[in-house]
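In what follows, a single structure is set out as structure tokens and then discussed.
The values are calculated or read from the model by the stated rules, or taken from the named source; none is laboratory data. What you see is a predicted model, and the numbers here were worked out from it, not measured in a lab. Here the Cβ is made from the backbone with ideal geometry for all residues, glycine too, and neighbour counts use every protein chain on show.
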Amino acid sequence: MLKTKSRRRIVAALGGALMLAGAGTTGTAMARELRAVLNGDNLTPAGDTDGWGRVAINIDNLLNRLCADVEVRSVGQVTDIKIYRGRDGDTSDPIVDLQSPDDNDSNDCDTIGDELADEIQASPASFFVLVRTAEFPQGAIRGPIEPSG
């Protein structure tokens with residue numbers, strides 16, 4: 001097959017150039033940095049109307065990890081923060097369970113499957129973040145996921 005050293009070098013160089021050029025990717029641009037703006041008005045019935053928050057989400061395609069930087073304000077003690085599949089008014093099972101903040105801020109990374117990572121990036125508006133508190137066990141603040149910027 002590749003009997004000479006120079007032919008092997010040429011093939012290796014071409015393979016490296018193709019990898020650097022992105023050959024073999026799907027060609028679909030996927031958002032890696034996402035966000036959610038949270039408030040109580042996004043819930044029906046309304047949640048904590050003076051509560052607010054934000055979530056900066058980064059999805060690492062290589063490791064299939066979703067990392068979330070969460071900040072919440074003017075809400076009681078947070079009992080849980082989860083990402084759900086769905087849009088306004090939808091209820092479904094959570095797909096990612098994020099770490100609840102002790103001091104209104106948290107950073108959390110969770111491994112998610114390749115298929116879910118691709119799905120969130122391809123259609124972020126099909127997902128939302130919900131924050132529950134002791135006072136609002138059905139949901140204090142909520143917001144749809146959207147591309148950053």
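Here are the numbers for the structure shown:
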item: Complete set of residues in the stretch 64-88 that are part of a strand (DSSP E or B), in contact with a helix residue (DSSP H, G or I) (Cβ under 9 Å, 6 or more places away or on another chain) and under 24 Å from F136 (Cα atoms); result: I83, R85
item: Among the residues listed as S106, S92, S74, the single one being among the hydroxyl-bearing types (S, T, Y) and within 16 Å of A36 (Cα to Cα); result: S106
item: Yes/no for I81 being out of contact with any Phe, Trp or Tyr (no Cβ under 8 Å at 6 or more places or on another chain) and in contact (Cβ under 8 Å) with a residue 60 or more places away in the chain; result: no
item: Residue ID - modelled with the lowest pLDDT, chosen from residues in the stretch 28-47 that are more than 22 Å from L116 (Cβ to Cβ) and small (G, A, S); result: A46
item: The listed residue being under 17 Å from the mean Cα position of the chain (by Cα), surrounded by 14 or more Cβ atoms within 10 Å (Cβ to Cβ) and not in a loop (DSSP other than H, G, I, E, B), out of S106, S100; result: S106
item: Where a residue in the stretch 42-54 is surrounded by fewer than 18 Cβ atoms within 10 Å (Cβ to Cβ) and its partner, wherever it lies, is part of a helix (DSSP H, G or I), with Cβ under 8 Å and at least six apart; result: A46/G40; T49/G40; T49/D41; D50/G40
item: Output for the stretch 48-63, where each listed residue is modelled with pLDDT of 95 or more, within 24 Å of P147 (Cα to Cα) and outside any strand (DSSP E or B); result: G51
